[in-house]
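Have a look at the structure below, then the notes.
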Amino acid sequence: MRLLAFGLLGLGLALAHFATPLPDAKIAPPARQFGLPLQGPPGPDTWLLGQLYGNTTGAYRQRTSAYRAGQGIHFGLDFSARCGTPVIAIGNGTVVEVDGPHGSPPHNLVIDHGNGLASLYGHLLERPPLRVGAKVRRGQVVGKVGDSQFSCTAAPHLHLEIRDSSHQRFFNPIPYIAADWETLTLLGGFSRGFQRDLDNPRRWQFPDQQPEARRGGPLLNNYAKAWPATLASKPQPSAVANSFADLPGLSLLFGATRLEFTRTPTPRRLTSGGCCVNPLWSPDSSTVLFLDKPGPQSPVALYGVSVLQPGTPRPVLPVAHYNKNFTYALLPGRPSLIERLSDGQSFYLNTQGGNVAWSPGSQRLAWNTTQPEGNFDRRRSDIWVAPPGGTPRQVATVFGGGLTGWLDEETLLLTGKRAPQEALRNLETLHLPTGERRILARAMALRSILPSPDGRWMVYYVAFDRPERNGLFAVSREGEQRKLNWFGSYRWRDSQRLVYIPLVLGQPTHRLFEYDLQNNTSRLLADLGAKVLNDQWQVSPDGGRVVFLSSQDRNLWLLELP
């Protein structure tokens, strides 16, 4: 009997992994015909959208290992929620597999919806109480959210896939599910950004335009030149300085002519042709920068468009990570290369291919080195500090967290646990001259931590914890803490004011609000006249403007703030 059972299991694996893919003619096209897999509105007490489907930066880093079966992309949607949260069927159908051979442990469920489509619900807490052949209705509870790390503290979430019924083709769920995706992508994501192919950086940069994957097919993202760069890269000395040969560089950023212009209360378009994602501001708030290669013969670079005199974007700077004042550039690799732009002086650091955090005056830089394996909430991260070109020194160790940034030239902000077995993470300061560490807040997970420009206040949110710990909070360096009465995507306008977009579904457009920490009051700033796509918006350093990626035409737009 045992041999028979193993034989049947092997036959099931073979059928699941080597069946003939269905042709397009037998598969229903996306028409928003399904619903969301979790009940109620999103929020810190219920659920939030996690990793998106597609060529995410997280999937790219594991394209030859964890995501190899799906051609190197994340071939599902992740929804973050506490363990035990009810999971509901996205549509009517028939249960075809319970704990079938499709991964996503601890448990999974597959429902066939007819018309060539099936849905998989992965990382379930326990075996679903359904039998193969059972009929289910849209909205019916079919399981409970679990944790891919088997802990219910490391990564509790639901992994949802939409496949063809042969289990060979994986489709982007976003066009299939009726939901306010622009608002859902405002908050809660991990690995939310998409990897860039520097030979075609506009490809696959929007959530609804991610490619189909086929089981076991060739890698879709085997890029010769990728951004962010990976550990496989080894930048050569003067790599950044040598790239300035055909680019105007800092002279364009800091030498722009100041023009008088009329401030308008309505947004105005800065770019065309579906350009571009991940906008940045120049230090003087006059130029919006973005990575682009608008044509086959165009250079790949950071392009800039003036907000004072809009026109055709121009290539300005080589592709790199820059410090706030654009005086240093970093090219990730093993090791990473850092160059001073004024004279091309360079040095190498072992940053595990990641970016660094610069102190406010760029006198020092800090970074993490983190264990590559193990439960997310127990992985060790060592924090390092060095002056530019100086000898690095380790200043702290945390578990399940890491470096958040600098508060001043002598103080770091960290998150994580001091010992791996602790249940709660800390938000704490580290004073480098004395080594003193001061805990400001504690929770299972502190997310989207954002220090104010002067380093006095920190804003963060907690989700899926105890009710009294859930929500959006502001805490000062002196330990004063307050719970804010709104929840959404936020940016600092200055050291006392936040700009935010509420996480409220079903609104025709996104509206900007301002929260004043000193008065504990909010006011409406403006209606954007559209929705922000994938949380792509930034406030200028002087607090006077917002640039955002519009979901209507997928171009960058500018709004002058009152």
Give the cross-link partners of K225 among the lysines, using a straight C-alpha distance below 18 Å as the criterion and excluding same-chain residues fewer than 8 apart. K234, K293
Phi-derived 3J(HN,Hα) across region 404-416 with the Karplus relation (6.51, -1.76, 1.60, θ = phi - 60°), rounded Hz, x for Gly and Pro, is 9, x, 9, 9, 7, 5, 10, 10, 9, 10, 10, 9, x
Estimated vicinal HN-Hα couplings, Hz - region 371-384 in sequence order (Karplus 6.51, -1.76, 1.60; Gly, Pro = x): 4, x, 10, x, 4, 4, 7, 10, 5, 7, 10, 9, 9, 10
Debye calculation, C-alpha points only, no solvent: report log10 I(q)/I(0) for region 173-218 at q = 0.19, 0.25, 0.28 Å⁻¹, in the same order as the q values. -0.81, -1.12, -1.17
Run a plain Debye calculation on region 22-214 (Cα atoms as equal point scatterers, no solvent) and give log10 I(q)/I(0) at q = 0.10, 0.16 Å⁻¹, rounded to two decimals, same order as the q list. -0.36, -1.00
Label-to-label distance, nm, for residues given as A66 and R482 (7 Å Cα→Cβ offset): 3.9
Diffing region 324-331: the Karplus 3J(HN,Hα) column from phi (6.51, -1.76, 1.60, θ = phi - 60°), in whole Hz with x for Gly and Pro, holds 4, 9, 6, 9, 10, 10, 10, 10
Listed by chain and number, the lysines with an alpha carbon less than 30 angstrom from that of K135, same-chain partners under 8 positions apart left out, are K26, K144
Taking Cα atoms, the helix 2-18 axis meets the longest principal axis of the chain at an angle in degrees (rounded to 10) of 50
For T521, project a label point 7 Å along Cα to C-beta. Then give me every residue of region 475-496 with its amide nitrogen under 12 Å of that point. none
Skipping prolines and chain starts, which residues have an amide H placed within reach, meaning under 5 Å, of the one on T271, given they are 5 or more residues away or on another chain? L556
Kirkwood Rh, Cα atoms: Rg over Rh of the chain: 0.96
222 nm [θ] for the chain, helices only, -39500 (n - 2.57) per DSSP H run of 4+, per residue, to 500? -1500 deg cm²/dmol
Would you grab the residues whose amide H sits under 5 Å from the one on L561? Only those 5+ places off in sequence or on another chain, please, with H modelled 1.01 Å from N. R545, V546
20 Å reach of a label modelled at R418, 7 Å along Cα-to-Cβ, counting backbone N of region 460-486: 476-480
Whichever aspartates and glutamates have a C-alpha closer than 13 Å to that of K417, once near sequence neighbours (fewer than 8 apart) are set aside: D377, D382, E428
Would you please give the residues with an amide H less than 5 Å from that of L117, counting only those at least 5 places away or on a separate chain, with H modeled from the backbone geometry? A28, S165
With +1 on the Cβ of every Lys and Arg and -1 on the Cβ of every Asp and Glu, and nothing else charged, how large is the dipole of region 329-379 about its Cα centre, in debye rounded to the nearest 20? 100
Subtracting the Cα-Cα distance from 0.36 nm times the residue separation, let me have the gained length for R466 to S448 in nm, one decimal. 4.7 nm
Where Lys and Arg each count +1 and Asp and Glu each count -1, what net charge lies around G122 among other residues with Cβ under 12 Å from its Cβ? -4
Where Rh denotes the Kirkwood radius from the mean inverse Cα pair distance, what is Rg over Rh for region 106-226? 0.99
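Throughout, read-outs are computed from the coordinates displayed, never taken from laboratory work. Here the structure is a predicted model, which is why all the values come from computation and not from measurement. A quick note on method: Cβ atoms are made from the backbone with ideal geometry, for glycine too, and the neighbour counts reach across all protein chains shown.
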